[in-house]
Amino acid sequence: MISLPAVSNHEINPSHHETIPETVPAADRPVCMCSKASAAIMMHGLRDFTGQAAARSAGLAIFTLSSAGALLPLRILAGVSGAMAAGTQGFLMASQQIGTETRTQQSLVAFCTLASALAGGGIAALGCTQPVLTLGMATLGTVAASYLRKTASGPEALETCNKAKAGVFLLTTVAGLTLASTVDKEWIRSNTDFPARTLGVVLESFIIELCKSSFEKVGPSIDRKTLTFEGRVRSGLMGMAPYVIATGILNGYVSGTMQPGYDTHEFNLLIAPLIIGAVANAIRGISNAAAVYSTHGHEAYRRSGSSEVLRGHMGPVCPDLPVVYKKSCIRFFLSTCRNAVYARLRDHGLSIVLASSIAQTVYAGFAQYRDLIYDVAEGDGWTEPVLLSRPADASV
């Protein structure tokens with residue numbers, strides 16, 4: 001993200017002499033399949049670490065170089081980047097989850113897009129934490145409201161659920177902003193390096209997603225797309241603890257202790273802590289791939305007509321740039337929110353180690369579902385009931 005021997009599809013798929021029902025749990029599969037799955041799972045960690053190390057190094061270089069620039073132009077560039085990323089994310093999620101068929105829906109989508117863009121610009125340029133809490137509450141509330149669609153009994157009920165999601169988003173946005181503004185009245189961070197750090201995150205996020213799109217099929221791999229939305233939620237929960245713990249320890253405590261006792265933008269002082277932190281992402285890749293493989297063993301979480309969860313080596317592919325852009329926006333926005341929380345904690349007097357540990361741990365909880373956020377932005381969601389129309393009475 002060292003190249004392993006290629007594993008062909010023939011090697012991964014069981015032969016006709018050992019037919020394996022798709023309903024067999026992962027733990028009960030033959031040893032040969034488990035060994036191939038283990039190789040695929042480890043490759044996820046290796047690819048993630050490689051991509052993270054390269055991206056973090058490039059992002060740090062931009063951060064170091066940008067820190068020498070004038071503050072105002074840096075704030076403007078950072079603000080525009082944040083507004084574009086958050087606005088894109090807000091538009092994609094709102095248009096898919098609310099709809100754009102009516103004028104009312106279009107107005108709500110426009111409001112969500114504008115609110116997200118303003119929040120993203122403020123967070124990226126000034127390090128405001130109030131929008132972070134606001135959007136966090138709005139996102140959680142909207143996801144909870146979207147679950148109502150599973151209980152819908154007809155088209156009218158589905159439309160009511162869409163309106164409920166929009167209403168919940170508006171109410172939680174207002175409530176979150178009011179609460180955040182009451183608790184924290186400081187909107188601008190004292191650390192003048194914050195905009196430069198934001199610009200570094202722009203490049204870092206893009207390189208990571210570019211590597212993922214290009215090299216995700218290099219070596220054997222686990223295909224999460226073979227799971228239903230509920231299956232991906234379940235596998236995310238299964239992989240949550242290892243990633244959150246690893247992020248808190250490696251990205252937070254260990255990385256914090258390796259830094260000098262003051263905030264700096266010097267490349268040689270920050271490169272080692274950043275590379276150490278990339279190990280946490282390798283752990284995330286391994287634990288998530290293992291969780292997907294395990295979840296695929298349960299028929300209830302397997303997407304209808306899905307292919308084998310194990311994929312053989314297919315080699316590098318041409319990256320899908322629109323997808324790379326969308327995923328980069330999501331990654332960048334989450335990372336910038338993490339940096340804003342860290343900067344606020346530092347302004348509050350916390351040490352680098354403690355502030356980093358808190359910010360990284362909170363960030364990991366949201367970042368674990370980064371791929372699921374993209375799925376929602378593409379229109380995916382909870383499996384809904386099949387609505388059957390009653391045939392008209394022929395006697396009428």
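The values are calculated or read from the model by the stated rules, or taken from the named source; none is laboratory data. All values reported here derive from a predicted model rather than from experimental measurement. Backbone-built Cβ (ideal geometry, glycine too); neighbour counts: all protein chains shown.
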One residue is enough: does the stretch 281-291 have a residue meeting the conditions of a type in the set (S, T, N, Q) and assigned to a loop (DSSP other than H, G, I, E, B)? no
Scanning for something modelled with pLDDT under 90 and not in a loop (DSSP other than H, G, I, E, B), does the stretch 80-89 turn up at least one residue? yes
Going through the stretch 168-207 one residue at a time, which ones are among the basic types (Lys, Arg) and more than 26 Å from the chain's Cα centre (by Cα)? Lys185
All but one of (1) farther than 21 Å from Gly379 by Cβ; (2) assigned to a helix (DSSP H, G or I) hold for Pro316, so report the exception by its number. (2)
What number of residues within the stretch 336-363 are surrounded by fewer than 23 Cβ atoms within 10 Å (Cβ to Cβ) and more than 20 Å from Val183 (Cβ to Cβ)? 3
